[in-house]
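Some notes on the structure that comes next.
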Amino acid sequence: MYTKEVLRILNQHNPDVPIYMYLAYHVVHIPLESPSYYYDINSDIKTHNRRLYASMMSSLDDAVGNITAKLLEKNMWDNTIFIFTTDNGADFSEYSNAGNNAPLRGGKFTHWQGGVRGTAFITSPLLPSSRANTSYSGMIHAVDWYKTLSELAGVPVDQTGPVAPDGVNIWGALSSGGPSPRTEAVINIWGNNSGAIRVGDFKLYRGFPGSPDGWVPRANLQNTEVQVPKPCEEKPCLFNVITDPTEHNDLSNSMPDKLQELIQRYDELAKSEVSLEESGLCPPPPPNGWPNAFEVNKKSGYWEPWAD
């Protein structure tokens, strides 16, 4: 459905007029389901949920291929920047038991690297040919795409709200492979006692990092969750995610000065935390919440419009 709508728009679009499209497919996501064709072509995968997961990915692959083919047909590809990115790490919890973030720790619903170090790629004839088939290890946050794409389009964004955008323009770094202009990232801040930030090579956890925790073996996707004692709740944890990307070695005891440095930065950032209610971006919920939303979800299994 999403792909058909994109193709309809592109068919009617004047190639000489710039266009921005944001396409948020529901796959890969629970509920795990796919057309039988895609399930059949993934018969080499024996674990049922993992096979469904791969089948959904196969359908997404075809959908993206159809869109890029249309951009080529319309002679739009030569001036296109195509970004493909996830919003979080894979889910290997009880909800799906199908994702795999190996060798990273944790997954969706967590602040661990397996939950927040997302997979992405960018392709464009506007990038230097020397950058083709290369990887980039600099720090990038999802909010950076807004600033980057807006400035590429010649649209200023610094005065578009009560505070400046959080993002930075990363196009120069991606084009050259040089250092990222981003040096720190807020993973999440819930007051002074729960959240995570990264500053340089180091990542601080304060409070519960989320669940599921542990590391998923590549070879076995049945009962994959490997539990460890709940860390970071009694005292903050510190990891060097460059030298220890799998987050096995808590440095909070061996590097107390670095720990205090990140705690201080966390506290500074927490002072500017703004709740959704305080932001005024969404209407406040009624006193009793949105009961109809949950009733609709129970019947259909999806979050969808629930109010007239």
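The values are calculated or read from the model by the stated rules, or taken from the named source; none is laboratory data. Owing to the predicted nature of the structure, the values given are computational and were not obtained by experimental measurement. Quick reminder, even Gly has a Cβ in these numbers, built from the backbone with ideal geometry, and neighbours come from all protein chains shown. Ligands, DNA and RNA are excluded from the accessible area calculation, which covers all protein heavy atoms including side chains. Shrake-Rupley method; radii C 1.70, N 1.55, O 1.52, S 1.80 Å.
See the values below:
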{"quantity": "Matching residues in region 92-124 - criterion: being open to solvent by 20 Å² or more (accessible area, probe 1.4 Å) and either of a type in the set (Asp, Glu) or more than 30 Å from residue 236 (Cα to Cα) (or both)", "calculated": "94, 121, 122, 123"}
{"quantity": "Qualifying positions in region 31-48 - surrounded by fewer than 17 Cβ atoms within 10 Å (Cβ to Cβ) and either of a type in the set (Gly, Ala, Ser) or not in a loop (DSSP other than H, G, I, E, B) (or both)", "calculated": "36, 37, 40, 43, 48"}
{"quantity": "Failed condition for residue 234, given (1) of a type outside the set (A, V, I, L, M, F, W, C); (2) surrounded by fewer than 19 Cβ atoms within 10 Å (Cβ to Cβ); (3) part of a loop (DSSP other than H, G, I, E, B); (4) at pLDDT 95 or above", "calculated": "(4)"}
{"quantity": "Some residue of region 51-63 being buried (at least 20 other Cβ atoms within 10 Å of the Cβ) and in contact (Cβ under 8 Å) with a residue 40 or more places away in the chain", "calculated": "yes"}
{"quantity": "In region 6-22, the residues that are surrounded by 10 or more Cβ atoms within 10 Å (Cβ to Cβ) and not in a loop (DSSP other than H, G, I, E, B)", "calculated": "6, 7, 8, 9, 10, 11"}
{"quantity": "Test: residue in region 297-307 that is part of a loop (DSSP other than H, G, I, E, B), open to solvent by 80 Å² or more (accessible area, probe 1.4 Å), out of contact with any helix residue (DSSP H, G or I) (no Cβ under 6 Å at 6 or more places or on another chain) and modelled with pLDDT of 80 or more", "calculated": "no"}
{"quantity": "The one condition in (1) without any contact (Cβ under 8 Å) to a residue 40 or more places away in the chain; (2) surrounded by fewer than 17 Cβ atoms within 10 Å (Cβ to Cβ); (3) within 17 Å of the chain's Cα centre (by Cα) that residue 170 fails to fulfil", "calculated": "(2)"}
{"quantity": "Count of residues meeting criterion [part of a loop (DSSP other than H, G, I, E, B), open to solvent by 50 Å² or more (accessible area, probe 1.4 Å) and either at pLDDT below 95 or of a type in the set (A, V, I, L, M, F, W, C) (or both)] in region 136-148", "calculated": "4"}
{"quantity": "Those residues of region 249-278 which are outside any helix (DSSP H, G or I) and open to solvent by 50 Å² or more (accessible area, probe 1.4 Å), in sequence order", "calculated": "249, 250, 253, 254, 255, 271, 272, 273, 274"}
{"quantity": "Qualifying positions in region 72-92 - in contact (Cβ under 8 Å) with a residue 24 or more places away in the chain, more than 15 Å from residue 22 (Cα to Cα) and outside any loop (DSSP other than H, G, I, E, B)", "calculated": "77, 78, 79"}
